[in-house]
Amino acid sequence: MDDLWLQAVSILSATLRMATPLVFCAMAGMFSERSGTIDIGLEGKMLAAAFAAACVAVVTGSPWIALLGAVIVGILMALLHGVACITYRGNQVVSGVAINIMAAGLTVVLGNAWFGRGGQTPDLLPDARFMPLKIPGADGAYSIPIVGPLYANVIGGHNLLVYVAFIAVPVGWWVLYHTRFGLRLRAVGEDPKVVDTAGISVAWLRYRAVIIAGTLCGFAGTYLAIAQNAGFSPQMTAGRGFIALAAMVFGKWRPWPAMFACLLFGFLDAIAIRLQGVTFPGIGQVPVEAIQALPYILTVVLLAGFVGRAMAPHALGQPYVKER
Amino acid sequence: MSGAPQVALPRWVDIGLLPIINLIQALLVAGLVVLVIGVNPLDAMRIMAWGVVQDSVSISYTLYYATDFIFTGLAVAVAFHAGLFNIGGEGQAYIAGLGATLAILALDSYLPGILLIPIGLVAAVIFGAGWALVPAYLQAYRGSHIVITTIMFNFIAASLMVYVGSDILRPPGEMLPSSREFGPAAYLPHVHDVMAWLGFEMPSTPLNLSILWAAACCVFVWVFIWRTRWGYAIRAVGLSPKAAIYAGISPKRVVMMAMCLSGALAAGVALNQIMGYHHRMLLDFVAGAGFTGIAVALMGRNHPIGIVLSAILFGALYQGGAELSFEIPTVNRDMVVAMQGLVIMFSGALAYMNRPWIARLYLMLDRRAVLAEAT
C-alpha cells in the first residue's frame with residue numbers, strides 16, 4: 001500500500017515537471033490567439049529560446065542571464081511573427097510554420113558551428129542551471145506517512161520555473177479577465193473593429209499579445225534546456241509546442257481549463273513509460289505509442305465537436321485592415 | 001504601407017520576379033548566417049553549386065531529392081487551390097508508406113513486378129488519401145480547423161508507425177523499427193538500370209522511376225485544376241466559398257475532394273523512398289519532405305511548372321548542402337532546413353512586404369515608358 005502511494009506521488013511529481021513547458025506555451029498561445037493572432041510557432045519559439053538559454057548559460061554560467069537571453073530570443077521570434085502577421089497582414093499559419101522550420105534548422109547550424117557537437121551544447125554544471133529547490137522541512141517530512149512524501153515531492157522538490165509556470169496561470173487569468181488590457185485584448189480577438197472605433201490601436205494591442213507569448217515561450221525554452229536538462233540537444237522540444245497548442249484548444253482558449261489540459265497531457269507523458277508492458281484487465285496491453293498519441297487524438301475528437309464545443313476567438317486568423 | 005497600391009501587376013512579375021526576389025532575400029539571410037559562423041558565403045555558394053552540377057551522380061541525386069518535393073509540393077498546392085492549408089503532407093506520405101508496405105509484404109512472393117508495383121502504388125495512394133480524408137471530413141462536416149487536425153494527424157501517424165514498425169512488422173533479429181526487406185519483384189527500377197538496359201552507361205544512384213510518376217502527377221494536376229469542372233469547383237471554393245455555393249458547388253464536397261487528391265499526391269513519396277530506394281518500411285523515411293512541400297508550393301505559386309522548378313531548386317539545395325557540409329564541416333546540413341523556413345517566411349508570410357514597393361517601382365517605370373511613347 002505504502003509502496004503504491006510512493007509510486008503515485010512520483011507520478012504526480014513527474015506530471016508537474018512534464019506539464020511545466022506545456023503550461024508556459026499554452027499560456028503563450030492563449031495570449032496570442034485571444035488577440036486574434038494564430039500561433040502555430042510555439043514549437044519554434046520554444047526551441048530557439050531553449051538554444052539561446054543553453055548558449056548563454058554555457059558562456060556566462062548564470063541561469064538568470066540565460067533566462068534573459070532566452071526571453072529576448074523568444075520575443076524576437078514573436079516580433080518576426082508580428083511583423084509578418086500584424087504589419088504585413090501575411091498568412092498567420094504560414095508564418096508560424098516558417099518560424100518552426102527556421103528554428104529547427106538554425107539552432108542546429110549555429111550549435112554545430114559554435115560547439116562542434118552536431119548541434120548539442122556542452123553539459124552544464126549545476127551552478128549554471130535552475131536546480132530543484134529545497135523547501136523547509138522536506139527531509140523531515142518523509143517520516144510522516146501519506147502527507148510527507150506528497151509535501152516533499154509534489155509540493156516541493158521542483159526547480160523555480162515549475163512554480164513560475166503554475167503562478168503564470170492565475171496571473172494570466174487575472175490579466176485576461178480583470179484588467180483593462182485583458183478586456184481590450186479579448187475584444188480585439190473577437191471584433192477588432194469595435195476596438196478600433198474606440199480609438200485604441202489594434203496593431204499595438206496585438207503586438208503586445210505576441211510579445212507576451214514570446215516571453216512565455218522564452219521561459220518554456222529555458223526550462224527545457226537548463227532546468228529539466230543540462231543543455232540543448234537538437235529538436236529537444238519534440239512536439240511539445242504542438243501539444244501545448246492542443247492543450248490550449250482543449251482548454252477552449254481559457255487559462256484554467258488549458259492548465260488542466262496541460263496537466264492531463266503531462267500525466268499521460270509521465271505514465272506512458274511506466275505502462276510499458278503492463279496488462280490491463282479486459283483491455284490487455286496498451287502500446288506506449290497509443291498513450292503518446294492520446295493528446296493529439298483527444299484534441300481531434302474535441303475539435304470535431306464530439307465533446308462539447310471549442311469556440312475559437314471570433315477574429316482569429318484574420319488580419320485587420322483599417323477602413324479608409 | 002496602409003496606402004500601398006494594390007494594383008494588378010503583369011503575370012511575369014507575380015509568378016517570375018516576386019519568387020526570385022523572395023529567393024534572393026532568403027539567400028541573403030542564409031548568407032548572413034553563414035557569415036556569422038565564420039564561413040565565406042561566396043565560397044559556400046560556389047561549393048554548393050559545384051556540388052550539384054559536377055557530374056551525373058550529383059545531378060541524379062538532385063533529381064532524386066526533387067522527386068519527393070514535387071509530390072509534396074503538388075499536394076500542398078492542390079489544397080491551397082481549395083483555400084486549405086494542408087500541413088499534413090508529412091503524415092499522409094508516411095501512412096502511404098505503410099499502405100505500400102502492407103500490400104507488398106502480402107503479395108511479393110506471388111506476383112511479378114509488373115503487377116506488384118502498380119498494386120503497391122495504389123495501396124500507397126489509398127492510404128495517403130485516406131489519412132487526409134479524416135481531417136477533410138472533420139473540417140467539412142464537423143467544423144474543426146484543418147490546420148490543427150492535420151498537425152495532430154502528423155503526430156498520430158508518427159506514433160502509429162513506431163508502433164507498427166516495432167511491434168508488428170519488425171522482423172526477428174532486427175533492432176530498429178522496420179519491416180522485412182521486400183522481394184526483388186517489388187523494387188521500382190532505378191533509372192541507371194533502365195538506362196543500362198537501353199544501352200547507356202550510368203553510375204548507380206537512388207534515382208528511380210518514381211520521377212515518371214511525378215511527371216505524370218504534374219500533368220494530371222494541371223489538367224485537373226485548370227481543365228476540368230472539378231478543378232474549377234476547387235478554385236471557385238478557394239477564391240470564395242460563398243460565391244461557389246451560388247454557382248451550385250458544394251464546398252463540403254470540394255474540401256473532401258481536394259484533400260483526398262492532396263493525400264494521394266503526397267503518397268508519391270512512399271513510391272520514391274519505400275519502393276524505389278529503401279525497399280522496406282523504416283522510420284522517418286519522409287524526412288521532412290512534407291514540410292519542404294510547403295516552401296515548394298509557395299515558391300512555385302501553386303502551378304505544376306513552378307513546383308517542378310522550385311522542387312529542383314530544393315533538390316539542389318539538399319544535394320549542394322550535403323556537399324557543403326562535407327567540404328566545410330562547420331556548415332551543418334540543416335542549413336537547408338533553415339533555408340526552407342526562410343523561403344516560407346519571405347514568399348509566404350511576408351508576401352505583402354515586397355508587393356507594394358515592386359508595384360510602385362513597376363508603375364513608375366511603366367509610366368515612364370508610356371510617356372516616352374507619347375512624346
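Quick one: what pairs do we get from segment B:139-152, first residue more than 7 Å from chain A (Cβ to nearest Cβ) and farther than 16 Å from A:ALA247 by Cβ, second part of a loop (DSSP other than H, G, I, E, B) and at pLDDT below 90, C-beta under 8 Å, 6+ apart or different chains?
Correct list of pairs: B:GLN139/B:HIS145.
From the list B:ILE234, B:ILE294, which residue is touching a helix residue (DSSP H, G or I) at 6+ places or on another chain (Cβ under 9 Å), part of a helix (DSSP H, G or I) and more than 14 Å from chain A (Cβ to nearest Cβ)?
From the options B:ILE234, B:ILE294, the qualifying one is B:ILE234.
I'm checking my understanding of the structure. Among residues of segment A:142-181 that are of a type in the set (Gly, Ala, Ser) and touching a residue at least 12 places away in the same chain (Cβ under 8 Å), which one is nearest to A:TYR207 (Cα to Cα)?
Only one residue fits best here, namely A:GLY172.
Of everything in segment A:193-214, what is within 24 Å of A:MET77 (Cα to Cα) and either touching a helix residue (DSSP H, G or I) at 6+ places or on another chain (Cβ under 6 Å) or in a loop (DSSP other than H, G, I, E, B) (or both)? Give them in sequence order.
A:SER201, A:VAL202, A:ALA203, A:LEU205, A:ARG206, A:TYR207, A:ALA209, A:VAL210, A:ILE211, A:ILE212, A:ALA213, A:GLY214
Looking at (1) under 28 Å from A:LEU205 (Cα atoms); (2) modelled with pLDDT of 85 or more, find the lone condition where A:ALA312 falls short.
For A:ALA312, the failing item is (2).
Any residue in segment A:24-35 that's under 15 Å from A:GLY189 (Cα atoms): show its pairings with residues that are surrounded by fewer than 24 Cβ atoms within 10 Å (Cβ to Cβ) and of a type in the set (Phe, Trp, Tyr) at Cβ separation under 7 Å, as long as the two are six or more apart or on different chains.
From residues that are under 15 Å from A:GLY189 (Cα atoms), the pairs are A:MET30/A:TRP253; A:GLU33/A:TRP253; A:ARG34/A:TRP253.
Got a sec? Which of B:LEU261, B:LEU271 is within 17 Å of B:PHE71 (Cβ to Cβ), modelled with pLDDT of 95 or more, touching a Ser or Thr at 6+ places or on another chain (Cβ under 6 Å) and more than 14 Å from chain A (Cβ to nearest Cβ)?
B:LEU271
One residue is enough: does segment B:178-189 have a residue meeting the conditions more than 29 Å from B:ALA66 (Cβ to Cβ), modelled with pLDDT under 95, crowded, with 17+ Cβ neighbours inside 10 Å and of a type in the set (Ser, Thr, Tyr)?
The answer is no, given that none of the residues of segment B:178-189 is more than 29 Å from B:ALA66 (Cβ to Cβ), modelled with pLDDT under 95, crowded, with 17+ Cβ neighbours inside 10 Å and of a type in the set (Ser, Thr, Tyr).
How many residues are buried (at least 24 other Cβ atoms within 10 Å of the Cβ) and either among the polar types (S, T, N, Q) or more than 22 Å from A:VAL169 (Cβ to Cβ) (or both) if we restrict to segment A:208-224?
Qualifying residue count for the region: 1.
Mind listing whichever residues of segment A:149-174 are under 21 Å from A:GLN7 (Cα atoms) and surrounded by 17 or more Cβ atoms within 10 Å (Cβ to Cβ)?
Within segment A:149-174, A:PRO149, A:LEU150, A:TYR151, A:ALA152, A:ASN153, A:VAL154, A:GLY156, A:GLY157, A:HIS158, A:ASN159, A:VAL162 meet the criteria.
Quick check on segment A:89-143: of everything there that is crowded, with 21+ Cβ neighbours inside 10 Å and among the hydroxyl-bearing types (Ser, Thr, Tyr), which residue is farthest from the other protein chains (Cβ to nearest Cβ)?
That would be A:THR121.
When only residues in segment A:182-207 that are free of Cβ contacts under 8 Å to residues at least 40 places away in the same chain and touching a Lys or Arg at 6+ places or on another chain (Cβ under 7 Å) count, which is surrounded by the most Cβ atoms within 10 Å (Cβ to Cβ)?
Applying the filter and picking the extreme gives A:VAL195.
Could you please find all residues in segment B:148-167 being among the β-branched types (Val, Ile, Thr) and modelled with pLDDT under 90?
Listed by number, the list holds a single entry, B:ILE148.
Would you confirm, using the coordinates I've provided, whether B:ASN86 is touching an Asp or Glu at 6+ places or on another chain (Cβ under 8 Å) and not hydroxyl-bearing (Ser, Thr, Tyr)?
no
For B:ALA244, indicate whether it is free of Cβ contacts under 8 Å to residues at least 24 places away in the same chain and surrounded by 17 or more Cβ atoms within 10 Å (Cβ to Cβ).
Considered against the rule, which asks whether it is free of Cβ contacts under 8 Å to residues at least 24 places away in the same chain and surrounded by 17 or more Cβ atoms within 10 Å (Cβ to Cβ), B:ALA244 comes out as yes.
Confirm whether A:ALA49 is part of a helix (DSSP H, G or I), in contact (Cβ under 8 Å) with a residue 40 or more places away in the chain, more than 16 Å from the chain's Cα centre (by Cα) and buried (at least 21 other Cβ atoms within 10 Å of the Cβ).
Spelling it out, it is not the case that A:ALA49 is part of a helix (DSSP H, G or I), in contact (Cβ under 8 Å) with a residue 40 or more places away in the chain, more than 16 Å from the chain's Cα centre (by Cα) and buried (at least 21 other Cβ atoms within 10 Å of the Cβ).
If B:VAL164 passes every condition in (1) surrounded by 14 or more Cβ atoms within 10 Å (Cβ to Cβ); (2) β-branched (Val, Ile, Thr); (3) more than 14 Å from chain A (Cβ to nearest Cβ); (4) out of contact with any Ser or Thr (no Cβ under 7 Å at 6 or more places or on another chain) but one, which one does it miss?
(3) is the only condition that B:VAL164 fails.
Name the residue that is surrounded by the most Cβ atoms within 10 Å (Cβ to Cβ), counting only residues in segment B:84-108 that are of a type in the set (A, V, I, L, M) and within 13 Å of the chain's Cα centre (by Cα).
My answer is B:ALA93.
Output yes when any residue across segment B:335-351 is at the interface with another protein chain (Cβ under 7 Å from one of its Cβ atoms), modelled with pLDDT under 85 and over 30 Å from B:THR67 (Cβ atoms), and no when none is.
no
Could you please find all residues in segment A:134-171 being of a type in the set (A, V, I, L, M) and modelled with pLDDT under 85?
Once the filter is applied, which keeps residues that are of a type in the set (A, V, I, L, M) and modelled with pLDDT under 85, segment A:134-171 yields A:ILE135, A:ALA138, A:ALA141, A:ILE144, A:ILE146, A:VAL147, A:LEU150, A:ALA152, A:VAL154, A:ILE155.
Find all pairs meeting these conditions: Cβ atoms under 6 angstrom apart; at least six residues apart or on different chains; first residue within segment A:275-301 and within 11 Å of another protein chain (Cβ to nearest Cβ); second residue surrounded by fewer than 16 Cβ atoms within 10 Å (Cβ to Cβ).
Note: pairs meeting the criteria are A:GLN285/A:THR279; A:VAL288/A:GLN276.
I'd like the residue in segment B:167-184 that is hydrophobic (A, V, I, L, M, F, W, C), touching a residue at least 12 places away in the same chain (Cβ under 8 Å) and farther than 18 Å from A:VAL286 by Cα and, out of all such residues, is nearest to the other protein chains (Cβ to nearest Cβ).
B:LEU176
So, in segment A:232-276, exactly how many residues are assigned to a loop (DSSP other than H, G, I, E, B), aliphatic (A, V, I, L, M) and surrounded by fewer than 19 Cβ atoms within 10 Å (Cβ to Cβ)?
Summing the residues that are assigned to a loop (DSSP other than H, G, I, E, B), aliphatic (A, V, I, L, M) and surrounded by fewer than 19 Cβ atoms within 10 Å (Cβ to Cβ) in segment A:232-276 gives 2.
The values are calculated or read from the model by the stated rules, or taken from the named source; none is laboratory data. The structure presented is a predicted model; accordingly, all values stated were derived computationally and were not measured. Counting neighbours? That spans all protein chains shown, and the Cβs are built from the backbone with ideal geometry, glycine included.
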